[in-house]
Structures are given as C-alpha cells and as structure tokens.
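Below is one structure; the comments refer to it alone.
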Amino acid sequence: MKGILDYVPGSSFLHRLNPLVKLLLAFVLCASCFVTGNHFIVLGVIALNLALAFSAGIFGRALKMLSSLLKLSALLFLVQIFFVREGQILLQLPLGLYITDLGLSFSLLFVLRLLAAALPLGLMLSVTQTSDIPNVLVRKLGLPYQYAFVLGTAIRFIPLFAQEMAGIMEAQTARGVEFDTKNFFKKVALLLPLCAPLLVSSVRRIEGGAISAELRGFYLRGRKSGYKDYPFALRDFGALLGGACVLALAVLF
Amino acid sequence: MIELKNLGFRYSGAERHALDGISLTIEDGAFLGLIGSSGAGKSTLCYALSGIVPHHYRGDFYGELLVEGMDSAEHRPEEIARVLGCVFQDIDGQMVASVVEDEILFGLENFGVPREEIEGRVAEALAAAGISELRCRAISDLSGGQKQKVAIAAITALRPKIIVLDEPTGELDPRSSRRVFETLKELNEQYGVTIVVVEQKIMLLCEFAKRLAVMEEGKLILEGEVREVLQSAGRMEAAGVNIPRVTTLARALREEGLYGGRLPLNLEEGEKMMREVGLSC
Ligand SMILES: Nc1ncnc2c1ncn2[C@@H]1O[C@H](COP(=O)(O)OP(=O)(O)O)[C@@H](O)[C@H]1O
Ligand SMILES: [Mg+2]
C-alpha cells in the first residue's frame, strides 16, 4: 500500500534539488504563511505549492492532500468562526451565536494558513528520499548521525502508522464494528480501544527496525562514512532565492 | 562454522524455555532448513544466532554459541553481524530507507566500506538477488517478494559468510517463494554463503535444503540430511510439521511391504518409486 507521504521517484527540478534546500524551502514557505496577515499572500503560497507539485508530477497527490486537509479545516473553521466576538455582526444565529466580519476574516486566514503550511511539508516528503534527510543533515550541518537517523525514521513511520491503523480498523469492521457512525462521540468511543493494539503493533515494528538497523552497524556510523555527497548546484541557489522572495513579500505585506 | 552447545533461553516472564538444550553444528557452506510448528522457538533461535538473544532480550541464557569462533555472549551483535547477516520475519519493519539503493547503502556506509568499493558491492548484491532493475524504485511500490529480495541484497552487500532468514516466504505466493529460494541457492552455490532458513513449506526445503532441523517446544528433535530426517516422518507429524505427500505414500507402501527403496522427496522421485512398485501412473 502506498501512503500519501511516501516518496515518489522522479527526476524533476524539485527532485533534483539538494535535500537540505528542499527542507529549507518547505520551512520558508511555512514560515511565510505565519508572518503574513494577508489572505492573498497565503493563497499565493497555496497556488505556488500546487504549481510546484505539478512540475514534480505529483499534482494529483497534492490535490488529495489538499482535500483531506480541507475536511479537517472545515471543522476548525466552524469552531473558530463562532469564537471571535469582536467586529461587526454579519449574521445573527439562534442560541446567542453570531458571525462577525473579523471572525470571518480571522477564521479564513487561520484555515488558509493551515493548508498553506501543511502542503510544503507533504510535498517535500514526497520528493525526498527518506535517507537523504538524515544523510544531508549529518554531512552539511554536522548533526550526529544517530539523532538525524531517528528524525528520518520518525518521518518514515507516519505513513506506516496510518497503514497499521487502517489494518486494525479493517479487522474490527470485519468483526461487525461500524465506524461509519454519524455520532462523533460514539466514533471516538469506538476508536479509543484501538489505540492499545496500534501502540503494541507499532512498538513491535519500531523494535524490529531498531534491531535490523543495529545489526547493519547503525552504532558504528561516524560522520565521515556517508557515501553520497550532496553538492550544491546553481538550481539550489535559484530555489533559495525564490524562497527568500516569497518570505520577503510575506514580511512586507 | 556455527556451534551451539547445549544452548537454552527463557524470555524473562515466560514460563517455559523458548530454547531448551540445543546442540547443533552448522558447517561452512551448509544449506540448513529449520522447521517446526509455531511457537517452537525458531525465531528465538535466529535471534540467538545473531546475538540479539541475549544482548537485546532479557532472560535466562545458558550454554554456549560460537559463530566463527566468536562467543555470542561476549561479542556484540554488530560484531557478529560482520560474519552473519539476518533477515527477520517482519520485512516492512526492517527497511530503513525509502529507495532500494539507499537500503543497500545503509549497511555499507555504517560498516565504513571504502568509497571506491561501495558502487561495486551495491551492483553485485542487486545482481545476486536478481533485482538490478529495481535499484531506483521506491520500496513502498514493491511486491512482497521483491521486498524480501531487497532485504536479502542489503545483507549480501555486507558479504557475510552466513545468512539467516526467518520465514522469508511467509507472505509470498508459491512462485515468488520459489524465486527467493532460487536466489538463496545461487548465493549458496556460487558465492559459498552458508544459509540457515526457517521455512514452513516443506516442499521448498526438500528441494533446496541440504540438511533439515526440526524443532518442537524449544528442543531440537531431529537434524540431518533431508532424506534421512524424513525417515522419521511420524515423529515430524507428531511435532506438528507437514511432510510431503509422496513421502507419506512411500511410507504406506513400505508398511504394506510393497516398497523397500529410498524415500522419494518430490514428484519425480515419486514417479520412479511407483514404477519400481510396478504400478504405472
Ligand atoms: N519477546 C518475547 N517475550 C516473551 N516470550 C516470547 C517472546 N518472543 C517469543 N516468545 C515465546 O517464545 C516461544 C518461542 O517463540 P518463537 O521463537 O517466536 O517461535 P516460532 O518462531 O517457532 O513460532 C513462544 O512460546 C513465544 O510465546
Ligand atoms: Mg517465528
């Protein structure tokens, strides 16, 4: 099964960027959304993300990410919008609830930020080989390999986690548990007991991975023993410059 | 060479021993199949061979295990790993990389293999496992059989003298299972690698393994050449191990006094037996 964050092989501009630059770029794009208060800049970042995804041949995946993020955002949007009580009242609802212009603007920004900040991380993971992240952090930034590796593994386990959860839910559904219930609390009550088996099977997985890594000399690895070099190329500087421009726009407006 | 001398292990908290007084010698160049019902202690034996038992799992450990002369109680698992590579049951959990090439590089980089040697080793390991064309593929895109071969290549790249595999065909269909065993055979015959493989499919072991070891409740109950071990088919069945149908048939014919030749292990030999008996099929 292919997870939504799994690496997609390719040789596009994004794929060929230095992994460190990819990390930085994702971070800069996230940061831009939080320093700016301008809806259009945030929308622009989302559009930029989609364009980048298109260039890397993962447009379909980006849309899928966007749609699953949208479901979460819709919920947050509804919660947020009733929370803000300042500003002019646009719509009066029963139960003392009302929507203000400030609330609308604030919630919209909040949700857009969420989308724009999550997308670059998802895209970055899709175009970066997992082991490149720890490798480049070790070689270029001098991070101790063992810490860098743990970081890389944590990232890799997100999709494995999701897969495990899906497997457990499937098994429970086969036993007659209905997860498709409309009642939110009932759903939580159904899902909670699954956390224990999920934890057990994940811990077992992680333990297996740790043992296999140790048997392949994980603890012997020094800073110098990397095979790949990760040299910076012209395109890397170009990409960084582009990122800097987005950030500058975000700060100015 | 691997020597087990009265080896025993009980996981802390467990009531009975997972390994119970096992004595066994595995010669260089051997192809040993290890069989036994579930819970017999096969995986624990693999852990012991790689040094994970007693270094990782706590428990009572007794007896002695020598891998190429190294006492497993004294040497760390990563030292043993230089001569003995392991592929464990949960194949997905063992992968550390997202791309095949990186998975192979992982061990080579860790063990500090010189740069100029690395490329050759990667190419050779991929070729030996028959997966050269998968080099740049994402691991999550591969089938179970292909992943199994990646795991094998990641180990062979380190050039161990011995490879231990725990149920490598557990989740594979018959054809991919055969391919994995063909890869093992090639490693054994072309490269002289000693193979120890836990396997439930007795027909595969009959075809590929040279020796067979049968475990029951932590004990080693039978060990020897495949045909020799199958003479004790009754004992194997009592231990919950399937035996090939032709072998069962031959035993039935023997009991009737109709057949006195050697035990057939596969269909071809079974056909020969039937001709000898005088029934054509
Ligand atoms: N981590 C563990 N902790 C405690 N007991 C274990 C552990 N792993 C296996 N066992 C027990 O040890 C025995 C042998 O298990 P195992 O070696 O996995 O058998 P096999 O691989 O032949 O199915 C079983 O009784 C099992 O319950
Ligand atoms: Mg087992």
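The values are calculated or read from the model by the stated rules, or taken from the named source; none is laboratory data. Since this is a predicted model, take the numbers as computed values, not measurements. Cβ: placed from backbone, ideal geometry, glycine included. Neighbour counts: every protein chain shown.
Mind listing just one residue for me: the one in the stretch B:45-60 that is within 11 Å of chain A (Cβ to nearest Cβ) and not in a helix (DSSP H, G or I) and, of those, farthest from ligand 1 (Cβ to nearest atom)?
Looking at the filtered set, the residue picked out is B:Gly51.
Answer with yes or no whether B:Phe61 is aromatic (Phe, Trp, Tyr), at pLDDT 95 or above, farther than 30 Å from B:Glu228 by Cβ and surrounded by 17 or more Cβ atoms within 10 Å (Cβ to Cβ).
For B:Phe61, the condition - aromatic (Phe, Trp, Tyr), at pLDDT 95 or above, farther than 30 Å from B:Glu228 by Cβ and surrounded by 17 or more Cβ atoms within 10 Å (Cβ to Cβ) - is met.
Within the stretch A:122-180, track down each residue that is in a loop (DSSP other than H, G, I, E, B) and over 18 Å from the mean Cα position of the chain (by Cα).
Selection gives A:Gly142, A:Leu143, A:Pro144, A:Arg175, A:Gly176, A:Val177, A:Glu178, A:Phe179, A:Asp180.
Could you please give the count of residues in the stretch B:178-228 that are within 16 Å of ligand 1 (Cβ to nearest atom), among the β-branched types (Val, Ile, Thr) and at pLDDT 95 or above?
Total satisfying the criteria: 5.
Please list, ordered by first then second residue, the pairs with beta carbon atoms under 8 Å, 6 or more apart or interchain, first in the stretch A:62-73 and farther than 9 Å from A:Leu115 by Cβ and touching a residue at least 40 places away in the same chain (Cβ under 8 Å), second in a helix (DSSP H, G or I) and of a type in the set (Phe, Trp, Tyr).
Filtered contacts from the stretch A:62-73: A:Ala62/A:Phe54.
Residue by residue, here is whether (1) of a type in the set (A, V, I, L, M, F, W, C); (2) modelled with pLDDT of 95 or more; (3) assigned by TED's automatic domain parsing to the domain that holds B:Ala14; (4) under 30 Å from B:Lys201 (Cα atoms) holds:
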| position | (1), (2), (3), (4) |
| --- | --- |
| B:Leu34 | yes, yes, yes, yes |
| B:Val53 | yes, no, yes, yes |
| B:Tyr57 | no, no, yes, yes |
| B:Asp71 | no, yes, yes, no |
| B:Arg76 | no, no, yes, no |
| B:Ala81 | yes, no, yes, yes |
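Examine the stretch B:170-180 for a residue that is of a type outside the set (A, V, I, L, M, F, W, C), away from ligand 2 (no atom under 16 Å from the Cβ), away from every other protein chain (no Cβ under 14 Å) and farther than 30 Å from B:Ser98 by Cβ, and state whether such a residue exists.
Checking the stretch B:170-180: not a single residue is of a type outside the set (A, V, I, L, M, F, W, C), away from ligand 2 (no atom under 16 Å from the Cβ), away from every other protein chain (no Cβ under 14 Å) and farther than 30 Å from B:Ser98 by Cβ.
Please find, within the stretch B:29-44, the residue that is surrounded by the fewest Cβ atoms within 10 Å (Cβ to Cβ) out of those that are more than 14 Å from every other protein chain (Cβ to nearest Cβ) and near ligand 1 (Cβ under 6 Å from one of its atoms).
Top of the filtered list is B:Ser38.
Taking the residues in the stretch B:65-80 that are surrounded by fewer than 24 Cβ atoms within 10 Å (Cβ to Cβ) and at the interface with chain A (Cβ under 9 Å from one of its Cβ atoms) as candidates, determine which candidate is farthest from B:Ala154 (Cα to Cα).
Ranking the qualifying residues of the stretch B:65-80, first place goes to B:Arg76.
A:Leu29 versus (1) farther than 30 Å from A:Met165 by Cα; (2) of a type outside the set (S, T, N, Q); (3) in a loop (DSSP other than H, G, I, E, B): which is the lone unmet condition?
Single failed check for A:Leu29: (3).
Quick check on B:Glu103: is it more than 26 Å from A:Glu207 (Cβ to Cβ) and either in contact (Cβ under 8 Å) with a residue 40 or more places away in the chain or surrounded by fewer than 23 Cβ atoms within 10 Å (Cβ to Cβ) (or both)?
The answer is no for B:Glu103.
Would you confirm whether any residue within the stretch A:189-204 is in contact (Cβ under 8 Å) with a residue 12 or more places away in the chain, more than 13 Å from chain B (Cβ to nearest Cβ) and within 27 Å of A:Gln80 (Cα to Cα)?
yes
Need the failing condition index for A:Ile58 against (1) free of Cβ contacts under 8 Å to residues at least 40 places away in the same chain; (2) within 14 Å of chain B (Cβ to nearest Cβ), just the number.
Result: A:Ile58 fails condition (1) only.
With the structure loaded, tell me whether B:Ala209 is surrounded by 14 or more Cβ atoms within 10 Å (Cβ to Cβ), more than 14 Å from chain A (Cβ to nearest Cβ) and away from ligand 2 (no atom under 16 Å from the Cβ) or whether it fails that test.
For B:Ala209, the condition - surrounded by 14 or more Cβ atoms within 10 Å (Cβ to Cβ), more than 14 Å from chain A (Cβ to nearest Cβ) and away from ligand 2 (no atom under 16 Å from the Cβ) - is met.
Conditions first: (1) of a type in the set (D, E, K, R); (2) farther than 24 Å from B:Asp90 by Cα; (3) touching a Ser or Thr at 6+ places or on another chain (Cβ under 9 Å). B:Arg251 passes all but one, so which condition is the exception?
(3)
Can you tell me how many residues in the stretch B:103-137 are within 13 Å of chain A (Cβ to nearest Cβ), in contact with a Lys or Arg (Cβ under 9 Å, 6 or more places away or on another chain) and small (Gly, Ala, Ser)?
Residues that pass the stated criteria total 3.
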